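Novice: Quick one: the structure is below, and I'll ask about it shortly.
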């Protein structure tokens, strides 16, 4: 179908919106299943070319969202009176397989094999990188003062390359486990101790869940970060860059004659607390990496619903969702579907964002606090658009009161429960409980703590700035476990995450309703959200005097 006719058909679908028969009191917001379907139909179409950050397809989608914000009557909250906030990006990827050679004191050496023993990590700031340094194993690489734990204790890592186990101990609380398992957190700690590079070593348990070889296909994919005002790429712990991921097989070469200690480390790592003894390895590493680096631009899309209360309207409740996805597959086979449409990841979240926004703009009374609808770019590249906004917000940073994040609800079954990541860490928790109970949705614990989901979506970038946040995931009850795991196994980050899936749009409307109710109470509550006294994330990111730390 020609572009103009096809686009016209997609646009016409947006006018065919009817309200589903959801039971609700008179004058209550009733989300439209058909409106959500219409938005998803446009955003997940091949015309969007997979919505990869920095591409024409993403820009088309961003302009669509901006147009919807205008139709809703939102105030532009981007740059220079527009809905778009420019996000300067650095894109980078491996330009070669890289080289890693391990040397022993005896003079023996061994080359690691690309794809079997290691996968190189590209650099955002150096087209070529060469290092030759001793290796120090630091276990999980965790420094947790509140637990009396320091995996770096008594180890000299200055001027050396550290080897860290991937993940974090399974006995840690799920959200704290996700935080401490983040390679960015580990790299920042290694940099603080004077290390010059980080090798991430896989574990047998981790490779059982996700075989190392699976990472080979995506190794040449573009990574991204954002540029600072000085034009430099933003890299956390940049003085100790990630150098490579090492497989369990490669680990035995890495440890040289200390393989018995590696096996002991793996055994210790698999215990609840994962107390792994670190030590200086009897080996050195010679590493050479080449990276392809490009400067690109993308945009976040921001629209504001101004609050009605003369005082409270200065505070902002953010509703966030990522607009980007994985783009178009390079070098597809003849006849192969090459477009990563991202219907559930995350056209569904953006459609929910727009429908929740409609609920606020059509209500008889405006919310007391202001509400910012924020569609962010480059989530798939490491939460980059939300990180850029959190560092460079278009509203006063101190007035960011809460974030409600909307990411990849798996809408393939009539869900009856949700997992509310982050809710119980702040005064948002009771609000979430009331909202869920009001629409007959149960709250469930994280069923997949090993996945570290708390740090893998955009709300976490707000948490890092001290902002209480919540992110709802559709739960495992009522057939949810099978639907969720089947989606992860067969559709997640694949071209067939498209509209051919049996999407339950009534479930989508229910998901919109519970998020609307959460945001509505946050906007109208007498007090802005605060972290619970002594909460780990509040204590870590919202120091005394921060607006959200009043509970301590």
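Novice: May I ask you to sort 157, 162, 185 by Cβ crowding, counting other Cβ atoms within 10 Å and putting the fewest first?
Specialist: Working: 157 25, 162 31, 185 20.
Ranking 157, 162, 185 by Cβ neighbours within 10 Å, fewest first, gives 185, 157, 162.
Novice: Also, quick follow-up: Distances longer than 43 Å among the Cα atoms of the chain: what percent of all pairs is that?
Specialist: Values: 27813 of 152076 pairs.
Of all Cα-Cα pairs in the chain, 18 percent lie more than 43 Å apart.
Novice: Further question on the same structure: Take peptides 68-81, 296-309, 341-354 and line them up by average Cβ neighbours within 10 Å, highest first, as a rough protection proxy.
Specialist: Details: 68-81: 16.6, 296-309: 22.1, 341-354: 28.7.
Ranked from most to least packed, the peptides come out as 341-354, 296-309, 68-81.
Novice: Given R₀ = 30 Å, what would the calculated FRET efficiency be for residue 500 paired with residue 442, taking r from the Cβ atoms and rounding to 0.05?
Specialist: On the way: r = 30 Å, r/R0 = 1.00.
Approximately 0.50, to the nearest 0.05.
Novice: Normalised radius of gyration for the range 92-293, please: alpha carbon Rg relative to 2.2 N^0.38 Å, two decimal places. The partial results should precede the final answer.
Specialist: Values: Rg = 16.1 Å, N = 202, 2.2 N^0.38 = 16.5 Å.
Here the Cα radius of gyration is 0.97 times the empirical estimate.
Novice: Here is a further query. If you count, for each residue, the other Cβ atoms within 10 Å and average over each peptide, how do 227-233, 311-317, 201-207 line up from highest to lowest? Please report the intermediate quantities before stating the final value.
Specialist: Numbers: 227-233: 12.4, 311-317: 20.1, 201-207: 17.9.
So the order, starting with the most tightly packed, is 311-317, 201-207, 227-233.
Novice: Tell me the label-point distance for the pair residue 451, residue 365, using the 7 Å Cα-to-Cβ offset, in nm and rounded to one decimal.
Specialist: So the two model labels end up 3.9 nm from each other.
Novice: Continuing with this model, one more query. To the nearest Å, what is the center-to-center distance of the range 494-533 and the range 262-329, using C-alpha atoms only?
Specialist: First find each Cα centre; the distance between them is then 22 Å.
Novice: Averaging the inverse of every distinct alpha carbon separation and then flipping it gives the Kirkwood radius. What is it for the range 321-405, in angstrom units? Can you show the working numbers first?
Specialist: Values: mean 1/r = 0.0662 Å⁻¹.
Mean inverse Cα-Cα distance, inverted, gives 15.1 Å.
Novice: Moving on. What's the FRET efficiency of residue 47 with residue 75 using the Cβ-Cβ distance as r and R₀ = 22 Å, to the nearest 0.05?
Specialist: For R0 = 22 Å, the calculated efficiency reads 0.15.
Novice: Exposure proxy check: 58, 505 ranked by fewest other beta carbons within 10 Å? Don't jump to the answer; show the numbers that get you there.
Specialist: Numbers: 58 23, 505 20.
Final ranking by Cβ density, sparse to dense: 505, 58.
Novice: Order of 113, 136, 164 from fewest to most other C-beta atoms within 10 Å? Show your work: numbers first, answer last.
Specialist: Details: 113 14, 136 22, 164 27.
The order, fewest Cβ neighbours first, is 113, 136, 164.
Novice: Just subtract the alpha-carbon distance of residue 34 and residue 96 from 0.36 nm times their residue separation and send over the number in nm, one decimal. Show your work: numbers first, answer last.
Specialist: Details: separation 62, 0.36 × 62 = 22.32 nm, distance 4.73 nm.
Length difference between fully extended and current span is 17.6 nm.
Novice: Per DSSP H run of n ≥ 4, the term is -39500 (n - 2.57); total these for the chain, divide by its residue number, and report the mean residue ellipticity at 222 nm rounded to 500 deg cm²/dmol.
Specialist: Working: 15 runs with 158 residues, N = 552.
That calculation yields -8500 deg cm²/dmol at 222 nm.
Novice: Using only alpha carbon pairs under 8 Å that are at least six residues apart, calculate the relative contact order of the chain and give it in whole percent.
Specialist: Values: 1243 pairs, mean separation 106.1, N = 552.
Dividing the mean separation by the residue count of the chain yields 19 percent.
Novice: So what's the gap between the Cα centers of the range 430-448 and the range 210-225, to the nearest angstrom?
Specialist: If you average the Cα positions of each part, the centres end up 35 Å apart.
Novice: For the range 466-552, state what percent of all Cα-Cα pairs lands in each successive 5 Å bin, counting from 0 Å until the bin that includes the largest distance.
Specialist: The calculated distribution, bin by bin, is 3, 11, 14, 15, 14, 11, 12, 12, 7, 1, 0.
Novice: Would you mind telling me the antiparallel percentage of the DSSP bridges in the chain, rounded to 5?
Specialist: Values: 52 of 82 bridges.
Once the DSSP bridges in the chain are tallied, antiparallel ones form about 65 percent.
Every read-out reported here was derived from the displayed coordinates using simple, explicitly stated rules and does not represent laboratory data. Keep in mind that what you see is a predicted model, and the values were worked out from it rather than measured. When we count neighbours, we look across all protein chains shown, and the Cβ atoms used for this are built from the backbone with ideal geometry, even at glycine.
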